[in-house]
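The values are calculated or read from the model by the stated rules, or taken from the named source; none is laboratory data. Remember, predicted model here, so these are calculated numbers, not experimental data. All Cβ positions, even for glycine, are placed from backbone atoms using ideal geometry, and neighbour counts span all protein chains on display. We work out accessible area using only protein heavy atoms, side chains counted, and drop any ligands, DNA or RNA first. Shrake-Rupley method; radii C 1.70, N 1.55, O 1.52, S 1.80 Å.
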Amino acid sequence: MPPAKKGPKPFDSGLKRIDNKLKFTSFVQANAINQKNYYTEYLKRDDQAMILRQLAEDLARAKEPKGMEDAKHNEDEMDVDDKEEQEEEAYGSKVIVIHPGSRNIRIGLASDTYPTTIPNVIAYKMSPTEVEQTSNADPPSKPASDPDFLQVKKQLSQEFKERMRFYKRRVASNSHDSVLSYNKRTTPEAIPDHNDPNRIEWTDVSTGPNIIVGERALNIPPLSNPRYRLLWPIKYGYFNETDYKSTRQLIGDLSIIFEHAISSELNIPKKDLPSYSAILVISDLYDKVQVTELLDMLFRELQFSKVGIIQESVAATFGAGISSACVVDVGAQKTSISCIDEGLCVVDSRVNLPYGGDDITLTLAKLLQLSQFPYKDLNLSYQYDWALMEEIKSKFSTTNDAEITVQLYNFYQRTPGRSARKYSFKTFDEVMLGPMSYFFPDIFENENKLKHRHTLFDRSSDIYDSTYNDPYSEAQTSLYAQYVPSVDANLTQLQHQQQISVSTPRASTKSNSLAHLQDETPTSSAAGTPAPEVPPAATANLSAAAASLTAATGVAGALGGNAATRAAAGPSFQALSLALMNTRVAIQAPLDQAIIESITQVSKVDESRGKRMYENIIVVGGGAANIPAFNRLLEDRVAMWKGWSTGSVTVMPTPRDMDPTLLVWKGGSVFVKLKIANEVWIGSRDWDLLGSRCLQYKCLFLY
Ligand SMILES: Nc1ncnc2c1ncn2[C@@H]1O[C@H](COP(=O)(O)OP(=O)(O)OP(=O)(O)O)[C@@H](O)[C@H]1O
């Protein structure tokens, strides 16, 4: 019997192209082209990549069957394909792909279709003193009546009304009143346990274990005896230096959580790990010290034989089976944006913003409280109430303006030791204002987010001149200049002198209504303009910017000894960029503006590639991609700021209806199967000998 005819393998052609492009990256690495000129060089040498691509296409064509007479050849081909596939499967079953996030870790064998997701959390038994301290702690968030919150909410409501008017949606004038009067009157109904469809299995802590990991940690009753404290090792995409008191404990906890996931979910005992390899997914604007610590833990604690790293946004494009896109990864606590061009991350397009789905949950809770939310005891510091608000967000929030009318919903509130209560409540615009906050991030509680960064773990610095060493990006620096108060005056001036694009005005200082903006002329970028000589005045500006940065952030010596000297000696935008990115101030850039800033960095090098990015935006992660009609809202907002007509910006749907939270992990597993992946493996012996220096030779990007 002839073998069953197989369809084309998904993503194959795209991946071949990427594979070739990545080979080119190694070439760039080998030739030590510096990071700043990397992308320009890459474009200049695009002809070489073209040759590689052409070669791949020729090879593929040569393999194509030409007719009936090729049937035999075709069968042989399939055998080869099958064999290759089996080899890939076998290889993948020995590689564990790990994608750690602020709330969740996705982990699985590269041969698995989907990863396992476990909460990235650990619970510690508290001592009596700790219990006392916790009960005296400040409330975790400000109340909904906070004047700053109410002020931004006003802008948000105004924007919402403009949008409804623009799309000719009728809004009944008494909508709010009807919500308020219903919610004031409604009372809960007690549901006996046997009628509760989703009863929670509270974790039994009567034996008093010292630690509890993952899902079970989340289900510990908050007033349990003994009491437990939840610790999340990663916060806003970085190590959690606020809640941890020692580097050792933090790394130790991550190791325990990883090990727990591997042994209990993948059924691989720790003793077998020396025969496995790991691919670790890292942020695009990674922190080198943290990457080193993680790798060290994977080698020394978990004893993996080989480890490789891949950047989040590149992995997202592999997962989606595309080679170029502007990747917008909105997670629980951080949002990262990067433009990927033919499998390569455009270094200056990288942006990191410390907000995500958690901020929407908190904002939604406040909005509902302003609408007389009937469950008055909501306390988001209790895990079960946080989970309730997350559930309400996931079920009811939407940015589809057609659905915004007064709606009646219900939910079950579950407290340990008591049967569930069923509440009904009404909503109007709250369900849309919540997710719209991504475009008005001043509404989020941003002040303390990065306050403790670098208090436990040092910044990465160059051993020779002790300047900061982490990757930087022009997009991120430009956003700092626009959104961090007190820095902008000097830095913006400097940026103008250096022709660094400041693409759009700050949302909060200007009305950004749809109607108003569509009348505006598109903002121009510095596309294609060569950087002019920096005038002497810029030197003074740089020092002034550094000084104001220090004042604004309260981080003493924000530029660092040698970097400051360098800055005084001559304009070093690079040094300032790094200093900015190492501060503990959260950028409150709206999502739409940050995307434009990121793409502007591509347009600066090649206008047409930049234009293509606007047609290939992809939203991944759980924070926004799962909200109904979010893509449409994002398209409208980006087009609006650019002064373009609706439809000129395209946010692509996630391929094959794949869960957008898994796409990055999926990309990691696809990457393992590419031939080029062989070049990224670091062996444990190399690590012992060379440590993090290996990364300079073993990354497919300039580390
Ligand atoms: N259906 C949904 N609607 C709205 N939000 C959702 C939905 N499903 C998940 N989320 C949100 O997605 C977020 C989790 O996303 P994800 O797992 O990508 O974050 P993470 O990788 O742990 O964090 P980060 O990327 O910030 O480090 C949470 O805020 C969660 O509430």
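Scanning region 395-415 for residues that are buried (at least 18 other Cβ atoms within 10 Å of the Cβ), assigned to a helix (DSSP H, G or I) and not charged (D, E, K, R) returns a single hit, 396. When you check residue 627 against the structure, is it at pLDDT 95 or above, surrounded by 24 or more Cβ atoms within 10 Å (Cβ to Cβ) and farther than 21 Å from residue 339 by Cα, yes or no? So residue 627 fits the description; yes.
Condition first: within 19 Å of residue 307 (Cβ to Cβ) and either within 14 Å of the ligand (Cβ to nearest atom) or hydroxyl-bearing (Ser, Thr, Tyr) (or both). Now tell me which residues in region 103-119 satisfy that. Let's see the steps before the verdict.
Residues of region 103-119 within 19 Å of residue 307 (Cβ to Cβ): 105-112, 115.
Those that are within 19 Å of residue 307 (Cβ to Cβ) and either within 14 Å of the ligand (Cβ to nearest atom) or hydroxyl-bearing (Ser, Thr, Tyr) (or both): 105, 106, 107, 111, 115.
When residues in region 644-655 are screened for being in contact (Cβ under 8 Å) with a residue 24 or more places away in the chain and open to solvent by 20 Å² or more (accessible area, probe 1.4 Å), 6 of them pass. Of the residues 143, 119, 115, which single one is touching a Lys or Arg at 6+ places or on another chain (Cβ under 6 Å) and either closer than 26 Å to residue 657 by Cβ or open to solvent by 60 Å² or more (accessible area, probe 1.4 Å) (or both)? Going through 143, 119, 115 in turn, the sole match is 115.
So which strands (runs of 3 or more DSSP E) stay within region 303-354 end to end and still have 2 or more residues that are more than 22 Å from residue 293 (Cα to Cα)?
Numbers: elements: 306-311, 325-330, 335-341, 351-353.
Where strands (runs of 3 or more DSSP E) fall fully within region 303-354 and carry at least 2 residues being more than 22 Å from residue 293 (Cα to Cα), they are 325-330, 335-341, 351-353.
If we scan region 349-356, do we find a residue that is open to solvent by less than 10 Å² (accessible area, probe 1.4 Å), within 10 Å of the chain's Cα centre (by Cα) and of a type in the set (S, T, N, Q)? Looking through region 349-356, none of the residues is open to solvent by less than 10 Å² (accessible area, probe 1.4 Å), within 10 Å of the chain's Cα centre (by Cα) and of a type in the set (S, T, N, Q). Note on region 330-345: residues that are away from the ligand (no atom under 12 Å from the Cβ) and of a type in the set (D, E, K, R) total 2. Residue 640: within 21 Å of residue 344 (Cα to Cα) and more than 16 Å from the ligand (Cβ to nearest atom), yes or no? So residue 640 does not fit the description; no. Scoring residue 151 on the criteria (1) polar (S, T, N, Q); (2) over 24 Å from residue 438 (Cα atoms); (3) open to solvent by 90 Å² or more (accessible area, probe 1.4 Å) leaves a single failure, condition (2).
Given region 146-254, what helices (runs of 4 or more DSSP H) lie entirely inside it while holding 2 or more residues that are modelled with pLDDT of 95 or more, under 34 Å from the mean Cα position of the chain (by Cα) and farther than 30 Å from residue 288 by Cβ?
147-166, 215-218
Of note, residue 238 satisfies the criterion of being among the hydroxyl-bearing types (Ser, Thr, Tyr), open to solvent by less than 70 Å² (accessible area, probe 1.4 Å) and within 30 Å of residue 590 (Cβ to Cβ). Being touching a residue at least 12 places away in the same chain (Cβ under 8 Å), open to solvent by less than 90 Å² (accessible area, probe 1.4 Å) and over 30 Å from residue 438 (Cβ atoms) holds for only one residue in 229, 163, 199, 216, and it is 229.
Of 275, 246, 324, 283, which residue is closer than 21 Å to residue 116 by Cα, open to solvent by 10 Å² or more (accessible area, probe 1.4 Å) and away from the ligand (no atom under 13 Å from the Cβ)?
Working: 246 fails: closer than 21 Å to residue 116 by Cα; 324 fails: closer than 21 Å to residue 116 by Cα; 283 fails: away from the ligand (no atom under 13 Å from the Cβ).
After applying the criteria, what remains is 275.
With the structure loaded, tell me whether residue 373 is within 14 Å of the ligand (Cβ to nearest atom) and among the aromatic types (Phe, Trp, Tyr) or whether it fails that test. Spell out how you get there, then give the answer.
On the way: within 14 Å of the ligand (Cβ to nearest atom): no; among the aromatic types (Phe, Trp, Tyr): yes.
Judged against the criteria, residue 373 is not a match.
Tally up the residues in region 643-694 that are of a type in the set (Phe, Trp, Tyr) and in contact with a strand residue (DSSP E or B) (Cβ under 6 Å, 6 or more places away or on another chain), please. Number of matching residues: 3.
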